[in-house]
1. For Asn119 and Arg79 in the same chain, what is the full-extension length gain: residue separation times 0.36 nm, less their Cα-Cα distance, in nm?
2. Along Cα→Cβ, 7 Å out, is where each label goes; now give me the distance between the ones at Gln109 and Thr91 in nm to one decimal.
Amino acid sequence: MKNAGLKFVACALVLVLAPAAKADVDVRVEATHMLSAMVGDAQRVASLLQGARAARAPGPIKCVDGYLSQIDAGVRHGRDDVADIRSATATGDAATVQRALGWLSSRRQAARAAALAANGCISGTATPTTGTVVRVIVDRRVAGPE
């Protein structure tokens, strides 16, 4: 009878712990997939840059190069995020997992947007910017006499 009780407790522990372990694996897999997608974006944009250099097109080269730099920085930080996620799931630190997953997700979205913009550089639909352009219109009545 005592042995049956231990088996029951062991089965109950497996049922309770299995979903948590599965969730940790799912998070690590999701993080790895996001990072892989970012690396793929970097490779595609690097290929665009190679093509622009071969065509000796200075405008597209400058435009694509800027977006490739953004994606590369995101990939570097994304690798740190994935390492943080793996470490935090091993120690059961849910807050760190969520924080790192949030950063990685935003980096993934930024890499995707930069890759799409780099495509625009080649097709001529994007214009490279070096900063934020702000246009201010002041009503003459507010500005006062000149």
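1. On the way: separation 40, 0.36 × 40 = 14.40 nm, distance 2.44 nm.
Length difference between fully extended and current span is 12.0 nm.
2. Inter-label distance under the simple model: 2.8 nm.
Each value in this text was obtained by applying a stated rule to the coordinates, not by laboratory testing. Since the structure is predicted, the reported quantities are computational estimates derived from the model, not experimental observations. Neighbour counts are summed over all protein chains in view; Cβ atoms, including those assigned to glycine, are modelled from backbone coordinates with ideal geometry.
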